[in-house]
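Asks: Here it is, the structure in full.
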Amino acid sequence: MKNILEYVGIEPDRLHFSWISSAEAEKFQKTATQVCEAVRALGPAQHMIKDIRKVA
Amino acid sequence: MENQEVAQKIQEVAKKLLSEGKVSCVIGFEKGTVPMRERPFFAYTPEEAERLTWTSFCCNNLANFLVRRDLGEAGKVAVVAQGCVSRNIVGLIKENQISREQVFVIGVPSPGMLDRRKVQAEVGAEKVITEVSEDGEDLIVKGKGFEERVPRKKVMRDNCYTCVQRNPVIVDELIGAETEPTHGGNIDKVSAPWEKLQADDRWAEFAENYQTCIRCYACRDACPLCYCHVCFVDEAQPQWCGKTQDESDVLTYHVLRAFHCAGRCTDCGACESACPMGIKVRRLTSKIEKDIREMYGYQAGMDLESKPPMSVYRPDDPQEFIK
Amino acid sequence: MKNPYVPYPVKITKALVETEDKQLKSFWLDFLNPADAKAFDYTPGQFAELSVSGFGEIPIGIASSPTEGDTLLFTVNKVGHVTKKLHNMAEGDVMGVRGPLGNSYPLKEMEGKNVVIVAGGFAVTTLRSTVTWMLHPDNRAKYGKIDFIYGARTPGLLLYEDQWREWQKRDDIDCHITIDREAPGWDGLVGFVPTICEQVAPKPDNAVALICGPPVMIRFTQPVFDKLGWQPEQIVMSLENRMKCGIGICGRCNVGPEYVCKDGPVFTKAQLDKLPAEY
Amino acid sequence: MADKILAKDKLAEFIAALQKDKDVFAPKLDNDRLVWAPLEKADDIVWEFSNTEMSPKDFFFPQTECMMHFKNDPKAEDGMIMQAEPELAKERALLNIRPCDAKAFGVLDMIFCQDEMTNDVYWRDKREKTLLIGLACNDPCPTCFCTTVGCGPHNEAGLDVLLVDLGDKLLARPISDKGAKALSALPEAAADDAAKAAELKKAAEDSITQGVGTDKISGAEVLDLFNLPMWDRVHESCLNCGTCTFCCPTCHCFDIQDEVQGEAGRRVRNWDYCMSWLFTVHGTGHNPRHGKKERVRQRFMHKFKYIPLKRGGEIGCVGCGRCVQLCPVNIDVREVVNSMNA
Amino acid sequence: MSDTSNFQPRIAAFLCNWCSYGAADLAGVSRLQYPPLVQTIRIPCTGRMSPKFILQAFRKGVDGVWVSG
């Protein structure tokens, strides 16, 4: 999925996968921060959004 | 073997099967009403079998008709299959849509089917073609006030050019001898032009490619993999994909459809041939095909035994993308 | 130029779950603009598209009668995503109504004749409208004897109980209300609608029958009426098919050349016999 | 109204005049595909073409059309109440539309605008604000069969003006008052120009050799046609895709859907197609046209029996041949209709 | 690309009920700070995850998707 989205032009860093066990609260915190930073660096998503206000 | 000879042989085999009552129906091709459009034909009697033909324009995937008809009622049917079609039959057997006993495969090594749009472009978009015949490695294209020879290789369908399996993988009766497995094209190159681009440009290319889509779903309906009773685009609760011409709706449809074919697509090109707008539908599916091949070392429908990668877990499955 | 696709805004003034299985809910709707109420000029048998903004439209038969004033009554079966949403709506909510659509029961042609009304389950809606209309003092004299045969599976699934209890008290209509199987607390008729029709044995002379119900009921009621000597021209039925536009354009509700939304939903048996059975 | 002459070197002037108050569109070549596009200057006009890939019906009946919008807020004063979309702001002209496509609009007029209630204001508005300037077909395709379905390569129905290409000039025939107005500045045609146009017409009509017979269909009972054994075979190879209906100039079925996003909501209609299983399925799961056979039969019966029956004999097909060319499995309408007529 | 300095992305996090959702819960209980931009969606199991969800999230306008098992 990541590959295909990348292929169509959605930056790979917009999609993250991770494995966290229910005891790993700290890893969760760390990953959440990482994900946010990665997406923040990319700026707002431009594609695939359906904006009916624009079309209407 | 020349296509005409193959056609002759197909007729003979079909007649024999039908008259001996071994199958109730032979699914093959007959001559269409317009040039370069051979069409699927269902022969039920030895007389009807005489209409069966074989040319370089047999672009539909006949495996498609195996799932969509009620085989329980029809009993055993025979189907004319080249490499990719036979791979799809294998896929359908693996997915329990049909059983091996229900189909009689009349195997034909593929001559490499031709793209009628390319032929049209070759003689000029505005010329009206009235007759096309084959002469060895050339096509003879006739129309009002012109006659041209076009080399087959120049107008071959993209997927046939990069085909990796021209010979049928399962066969009950083989017509002609097995041939070279490929036509020499490099399958990895199909998605290459896009892979080099930056994300935004890639998106632009992608949107441009599908921009003319009219959402007739011919690509889906021509595809032997798309046999779901209710397709996700038709689901209303929840609605995954709007029904409008909006870019996001069109692209969602294409991305998800392609993704549903992951690990199953045999690159038969039926979607691209069916598209009335000439969209390069394979741009997406062939990329996924390549990924599956590189990540899991799997090619769909090559044999009856191997397990499709999307439905089994192996400890050595790639997982670099997971943090 | 009037836009036939834009619904009239209405407010739900009352909503009531009708049946014990909670599948059917009735809605009383009042027009937000009094002028719209005047424009919405309907006859029993017609239907309207109920419009829930953001969800879509659904064609529903009008269960109220124009003789009851401007409030419209619809009873809705919960099946799809529009009706589910509708069931969750409360009094005071705003929605839309588009119509009236379709033809109606042949009230004019029925004048001077005896009328037999056969209803099964949920299909009673437009027939409730018809009976109410015929029983109105202005109209009652135009018709002969009225028989009303109505059945449901259980007493809890019978719609409009207050209404038919009242009709039972009158002497200008014969009500035969039945349930499929004996149930505690039920002292009325028991038996399937076709059986009751056999018992009532309405005479075909100078009479019209309006039959509306689930396909299985129609399949078994038909032979009863045939045996009693009814002609296809005397039997009137109401169809339903999937619809969108409701005005005979969008192309999905047609039965042969006839559009259920525009040429129907009411057809005589004689008409249906000449059409493909695509309903 | 008298025929006029429009010299090709005067085209720029003519188009500039049209563009004063109209958006002008014409067929244009885009990567080997002939599509409808805004016309900028006279030089861009394509004169030699069979027909555009898709029918221009979407000028009047867009594939996706917003019909109404509403404020998705039940608490707001005007919340949840549907407001109709505004009408077309500027007039349009379609230049070089083929007579078959124009004829299709005539057929669709009868369906979209039947009476006071069945009055599709979205269609009507766009129709009334569009000038149709047709270009007669001098060289029909092998897949054309217009002459056998009540149309023809020089057919005038539905058009405002018919142009006939006479080489360096065009014979411009005003058909409606609107058309006459657009041509008022042009000189009248000489008798031999008109004669030449008539000759071309005859030649074009004669070049259409294949066709369909509909004489027996019009006399037959609906049920007899409906129960013909041929339907058991016609549908076999059909994929149930929407290609034939979407490319067809007279197919007009649609679906209405609501969409919301935050506070914005709209009701849109999209083209729909009778080949789809979902087209007729009921909420209960019952489907009156459950099989491929029923659906394929519906399409042909609708065009060749139901529409003529309801619309005074007018056939719901104009013989443009697009479905013959584009059907992925080559289900040829001519063969189907001829076997219906057998 | 727009100004990224004060851009606050919206992220849809699909969390498995048994693993990451538990972790998120624990993080909350333990008062660990993580960015408030993540909108958690509990799914019964990561096996419930479907590509449809990801596309749907993007269609609804999120800037990123995070799937965690």
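Asks: Normalised by the empirical 2.2 N^0.38 Å for globular proteins, what value does the Cα Rg of segment B:46-137 take?
Replies: The value comes to 1.34.
Asks: Moving on to the next point. Counting Lys and Arg as +1 and Asp and Glu as -1, what is the net charge of the other residues whose Cβ lies under 11 Å from the Cβ of D:Gly150?
Replies: Charge balance in the 11 Å sphere: 0.
Asks: Let me ask something additional. Lone cysteines in chain B, defined as no other cysteine's Cβ under 4.7 Å from theirs: which are they?
Replies: For chain B, the answer is B:Cys25, B:Cys58, B:Cys59, B:Cys160, B:Cys163, B:Cys213, B:Cys216, B:Cys228, B:Cys231, B:Cys241, B:Cys275, because their Cβ atoms have no other cysteine Cβ under 4.7 Å.
Asks: Stick to Cα atoms and the Kirkwood definition of Rh, then tell me Rg/Rh for segment E:11-68.
Replies: 0.99
Asks: Now, a different point. Expressed as a rounded percentage, what relative contact order does segment C:180-229 have, with Cα pairs under 8 Å and six or more residues apart?
Replies: So the answer I get is 40 percent.
Asks: For segment B:116-155, just the Cα atoms, rotate onto the principal axes and tell me the three extents in Å, largest first.
Replies: Dimensions of segment B:116-155 along the principal axes of its Cα atoms: 25, 16, 11 Å.
Asks: Could you sort the peptides D:235-247, D:171-183 by per-residue average Cβ neighbour count (10 Å cutoff), highest mean leading?
Replies: D:235-247, D:171-183
Asks: When a/c reaches 1.5 or more, the comparison of a/b and b/c decides; with that in mind, is segment B:151-281 rounded, prolate or oblate per its Cα gyration tensor?
Replies: The shape class here is oblate.
Asks: Return the ratio Rg/(2.2 N^0.38 Å) for chain B, where Rg is computed over Cα atoms only.
Replies: 1.02
Asks: Taking only the Cα atoms of chain D, how large is their convex hull per residue, in Å³?
Replies: Hull volume normalised by residue count: 170 Å³.
Asks: Suppose a student asked you for the relative contact order of segment B:116-155, using Cα pairs under 8 Å spaced at least 6 residues apart; what percent would you report?
Replies: 35
Asks: What size of dipole, in debye to the nearest 20, comes out for chain E about its Cα centre when the only charges are +1 on Lys and Arg C-beta atoms and -1 on Asp and Glu C-beta atoms?
Replies: It works out to roughly 260 debye.
Asks: Classify the protein assembly as shown from the C-alpha gyration tensor, please: rounded if a/c falls under 1.5, else prolate or oblate depending on whether a/b exceeds b/c.
Replies: rounded
Asks: Calculate, for C:Lys84 and C:Lys108, the FRET efficiency according to 1/(1 + (r/R0)^6) with r their C-beta to C-beta distance and R0 41 Å; round to the nearest 0.05.
Replies: 0.60
Asks: List the residues of segment C:74-115 whose backbone N lies under 13 Å from a point placed 7 Å from the Cα of E:Lys60 along the Cα-to-Cβ direction.
Replies: Taking a point 7 Å out along Cα→Cβ of E:Lys60, no residue of segment C:74-115 has its backbone N under 13 Å.
Asks: Enter the mean projected area of the convex hull around the alpha-carbon atoms of segment D:212-342, in nm², rounded to one decimal.
Replies: 9.7
Asks: Oh, and also: Cα to Cα, under 13 Å, and not fewer than 8 places away if on the same chain: which aspartates and glutamates meet these conditions relative to B:Lys9?
Replies: B:Lys9 reaches B:Glu50, B:Glu173.
Asks: Fewest first, what order do B:Met302, D:Met1, D:Met275 take by the number of other Cβ atoms within 10 Å?
Replies: Ordered from fewest to most neighbouring Cβ atoms within 10 Å, B:Met302, D:Met1, D:Met275 come out as D:Met1, B:Met302, D:Met275.
Asks: Take the Cα radius of gyration of segment C:114-238 and divide it by 2.2 N^0.38 Å, with N its residue count; two decimals is plenty.
Replies: 0.99
Asks: Let me ask something additional. When the gyration tensor of chain C is built from Cα positions, what are the square roots of 5 times its three eigenvalues, in whole Å, from largest to smallest?
Replies: Largest first, chain C gives 29, 22, 19 Å.
Asks: Pop out the Kirkwood hydrodynamic radius of segment C:239-279 from its pairwise C-alpha distances, inverse of mean 1/r, in Å to one decimal.
Replies: Taking every pair of different Cα atoms in segment C:239-279, averaging 1/r and inverting gives 10.0 Å.
Asks: How big is the charge dipole of segment C:8-101 about its Cα centre, in debye rounded to the nearest 20, if each Lys and Arg gets +1 on its Cβ and each Asp and Glu gets -1 on its Cβ?
Replies: Dipole of segment C:8-101, to the nearest 20 debye: 260 debye.
Asks: Could you check the spin-label model distance between D:Ala198 and D:Glu13? Points 7 Å from the Cα along Cα→Cβ, value in nm.
Replies: 2.9
Asks: For segment B:1-60 and segment C:9-38, what is the centre-to-centre distance using only Cα atoms, to the nearest Å?
Replies: Value for the Cα centre distance between the two parts: 62 Å.
Asks: Sticking with this one: Please state the equivalent ellipsoid semi-axes for segment B:237-323: what are the square roots of 5 times the Cα gyration tensor eigenvalues, largest first, in whole Å?
Replies: 27, 18, 12
Asks: Report the extension gain between B:Asp135 and B:Glu178 in nm, rounded to one decimal, defined as 0.36 nm multiplied by the number of residues separating them, less their alpha carbon distance.
Replies: 13.4 nm
Asks: Moving to a separate point now. Along its principal axes, what span do the Cα atoms of segment B:1-99 show, with the longest given first and each in whole Å?
Replies: Ordered largest first, segment B:1-99 gives principal extents of 35, 28, 25 Å.
Asks: List, in the order given, every pair from C:Lys2/C:Lys269; B:Lys243/E:Lys52; B:Lys243/D:Lys103; B:Lys127/D:Lys201 whose Cα-Cα distance in the structure shown is over 26 Å.
Replies: C:Lys2/C:Lys269; B:Lys243/D:Lys103
Asks: Give the percent of DSSP beta bridges with both residues in chain B that are antiparallel, rounded to the nearest 5.
Replies: The answer is about 65 percent antiparallel.
Asks: At what distance in angstrom do the alpha carbon centres of segment D:193-230 and segment D:1-79 lie from each other?
Replies: 29
Asks: Then there is this: Would you calculate the separation in nanometres between label points at D:Ser339 and D:Ala37, each defined as 7 Å from the Cα along the Cα-to-beta-carbon direction?
Replies: Here the answer is 4.1 nm between the modelled labels.
Asks: Using a cut-off of 20 Å between alpha-carbon atoms, which lysines can reach D:Lys181, once sequence neighbours fewer than 8 places away in the same chain are excluded?
Replies: Qualifying lysines at Cα under 20 Å: D:Lys4, D:Lys8, D:Lys10, D:Lys20, D:Lys22, D:Lys90, D:Lys126, D:Lys129, D:Lys169.
Asks: Describe numerically, in nm with one decimal, the distance between label points set 7 Å from Cα along Cα→Cβ at B:Asp316 and at C:Gln231.
Replies: Between B:Asp316 and C:Gln231, the label points sit 8.4 nm apart.
Asks: With no other cysteine's Cβ closer than 4.7 Å, which Cys residues of chain C count as lacking a disulfide-compatible partner?
Replies: Within chain C, the cysteines lacking a partner Cβ under 4.7 Å are C:Cys175, C:Cys197, C:Cys212, C:Cys253, C:Cys261.
Asks: Follow-up question, since we're still on this one. Set the Förster radius R0 to 51 Å, insert the Cβ-Cβ distance between C:Lys38 and C:Ala183 as r into 1/(1 + (r/R0)^6), and round the FRET efficiency to 0.05.
Replies: FRET efficiency, C:Lys38 to C:Ala183: 0.70.
Asks: So for D:Arg98, B:Arg202, C:Arg181, fewest C-beta neighbours within 10 Å to most, what's the order?
Replies: C:Arg181, B:Arg202, D:Arg98
Asks: Under unit Cβ charges (Lys, Arg +1; Asp, Glu -1), what dipole magnitude, rounded to 20 debye, does the protein assembly as shown have relative to its Cα centre?
Replies: Taking the Cα centre of the protein assembly as shown as origin, the dipole is about 1000 debye.
Asks: Still on this structure, I have one more. Suppose a student asked you for the relative contact order of chain D, using Cα pairs under 8 Å spaced at least 6 residues apart; what percent would you report?
Replies: 21
Asks: Continuing with this model, one more query. How charged is the neighbourhood of B:Met156? Take every other residue with its Cβ under 14 Å from the Cβ of B:Met156, and add Lys/Arg as +1 and Asp/Glu as -1.
Replies: Here the charged neighbours net out to 0.
Asks: Then there is this: Arrange B:Tyr313, C:Tyr259 by Cβ neighbour counts within 10 Å, fewest through most, would you?
Replies: Fewest to most other Cβ atoms nearby, the residues stand as B:Tyr313, C:Tyr259.
Every read-out reported here was derived from the displayed coordinates using simple, explicitly stated rules and does not represent laboratory data. Computed from a predicted model, the values in this text were never measured in an experiment. Note: ideal-geometry Cβ built from the backbone for every residue, glycine included; neighbour counts use all protein chains shown.
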